[in-house]
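See structure below.
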Amino acid sequence: MDLSLDGLSGVLSRATFLENQNPLERTRTLAKRRVALLFYESSTRTRTSFELAAKGLGADTTLVSSLSSSIEKGESLKDTGLTLRALGAEAIILRHNSSGSAWLLESETRLPVLNAGDGMHEHPTQALLDLRTILAHFDPSTKTCHPERAQRVEGPAVPVEVNAETLAGVTVTIVGDILHSRVARSNMLLLPRLGARVILCGPPALLPELAAGAGPGISVERDFQAALAQSQAVMMLRIQAERLAGLQVDLEDYKIRYQLTEQRLAAHAPSAIVLHPGPIIRGLELTAGVADGPQSVILEQVTNGVAIRMAVVERALLATEQGGRA
Ligand code: CP
């Protein structure tokens, strides 16, 4: 993610503006502009929210999925992108199983390409919506997060101006399959830039020790209880069975050590908010009671995805009008 802090504040403020704008007026923003969604991996949240975001701005959208297109016949990413461009697409939203695919497609098509998740590399808009969710629960006066804060009917406006100190004093623990997680990677790049500490927590098979040197503000803690006790926000991750590729993980042992249960949460992080990018696997990385409990902000993350993606889709298409990069 190459947004400056000013650019980040711009996206956050635009997300709030667009979310609150009259929906009919909003559809004039990108009326009849063409946005293609190109998905090589399955998705519920990212695909739907990007589509709703583009449509909410008035754009026409089309979905190309690897299972129902000429990709199945062997057409390459480059040729698929060039075909979409020839059909009038002005921006492409890409999910792909290869790291770096968004960069490749952008260089081949010269269109703005929004990365909706590339392999084990990055998922930038997920980190942006995670940040928006954390900020909605964050009290700048005490530098703490509160699960109940955004649940008030007249809750606080989401802070939109961020700087290198905005989250100073906040610790976010990311738990589980860090190795395969593009969500973890994007959050590790984003949150420390705003002053947050990031603790990575999980077994060595899913969290190599060298992750501790991934960047400033990032550390590794194997003891889940110790990590929870320091956290204002806990981000649970799914074990990505589709990417394990020969790694042996004893799921029963994993649950004993790393499953987020109501008891663990109450004992060690009773005031923290609980995030999860989804899809959640109830009974594995977290219990149903935690997923549905008062500290969970998982569905707020989903909702925030639409506002954030409206802001980034608009930014990408306006950048093309001005001849710049997305
Ligand atoms: N968070 C996320 O990327 O979910 P989907 O795979 O459902 O899009």
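Rounded to the nearest 10 square angstrom, Cys145 shows an accessible area of 0 square angstrom against a 1.4 Å probe. When each full DSSP H helix of the chain is screened for a Cα extent of at least 15 Å along its own axis and an average Kyte-Doolittle hydropathy of at least -1.0, the helices passing are 5-20, 45-56, 124-136, 298-321.
Give me the percent of the accessible area of the chain that comes from carbon and sulfur atoms, probe 1.4 Å, all protein chains in place. Mind dumping the intermediate values first?
Numbers: 7660 of 14050 Å².
Answer for the chain: carbon and sulfur cover 55 percent of the accessible area.
For segment 193-326, the spread of Cα coordinates along the three principal axes comes to 54, 34, 32 Å, biggest extent given first.
Please work out the FRET efficiency for the pair Ser69 and Arg282, using the Cβ-Cβ distance as r and a Förster radius of 35 Å; give the result to the nearest 0.05. Intermediate results must be reported in sequence, preceding the final value.
Values: r = 33 Å, r/R0 = 0.93.
The value I calculate is 0.60.
The listed residues Asp250, Asp139 rank as Asp250, Asp139 when sorted by accessible area, largest first, using a 1.4 Å probe. The fraction of all Cα pairs in segment 82-150 landing in successive 10 Å bins from 0 to the largest distance is 19, 33, 20, 18, 9, 0, given as whole percents. Ranking Gly117, Leu128, Phe138 by how far each Cα lies toward the positive end of the dipole of segment 107-150 (charges on Cβ) leaves Phe138 at the top. Between Glu252 and Arg28, the contour length at 0.36 nm per residue exceeds the Cα-Cα span by 75.4 nm. Please report the antiparallel percentage of the DSSP beta bridges confined to the chain, to the nearest 5. Beta bridges within the chain, antiparallel portion: roughly 10 percent.
Since only Pro147, Leu317, Pro279 are under comparison, the one whose Cα sits farthest along the positive direction of the charge dipole of the chain, derived from C-beta charges on Lys, Arg, Asp and Glu, is Leu317.
The Cα atoms of segment 106-218 give a gyration tensor whose axes a ≥ b ≥ c have a/c of 1.5 or more with a/b no greater than b/c, which makes the shape oblate. Rounded to the nearest 0.05, the FRET efficiency derived from the C-beta distance between Asn20 and Ser42 at R0 = 30 Å is 0.40. Within the assembled protein chains, the solvent-accessible surface assigned to Lys55 is about 100 Å², based on a 1.4 Å probe. Label sites at Arg110 and Ala86, each approximated as a point 7 angstrom past Cα along Cα to Cβ, lie 1.6 nm apart.
Ordering of 176-183, 216-223 by packing is 176-183, 216-223, highest average first (other Cβ atoms within 10 Å, averaged per residue). Once you have a ≥ b ≥ c as the square roots of the Cα gyration tensor eigenvalues for segment 1-62, tell me rounded if a/c is under 1.5, and otherwise prolate or oblate according to whether a/b is larger than b/c. Since a/c reaches 1.5 but b/c is at least a/b, the shape of segment 1-62 is classed as oblate.
Considering only DSSP beta bridges whose two residues both sit in segment 1-125, what percent are antiparallel, to the nearest 5? Spell out each step's value before the answer.
On the way: 1 of 16 bridges.
Here the share of antiparallel DSSP bridges comes out near 5 percent.
Computed about the Cα centre, the dipole magnitude for segment 187-326 is approximately 320 debye when only Lys and Arg (+1) and Asp and Glu (-1) carry charge, each at its Cβ.
To the nearest 20 debye, what is the magnitude of the charge dipole of the chain about its Cα centre, counting +1 on the Cβ of each Lys and Arg and -1 on the Cβ of each Asp and Glu?
Values: 32 positive and 35 negative charges, 112 e Å.
Dipole of the chain, to the nearest 20 debye: 540 debye.
Solvent exposure of Glu262, expressed as accessible area, is near 90 Å², computed with a probe of 1.4 Å over the protein chains only.
The values are calculated or read from the model by the stated rules, or taken from the named source; none is laboratory data. Computed from a predicted model, the values in this text were never measured in an experiment. All Cβ positions, glycine included, derive from the backbone under ideal geometry; neighbour counts span all protein chains shown. Remember, those area values only see protein heavy atoms, side chains included, never the ligands or the DNA or RNA. Shrake-Rupley method; radii C 1.70, N 1.55, O 1.52, S 1.80 Å.
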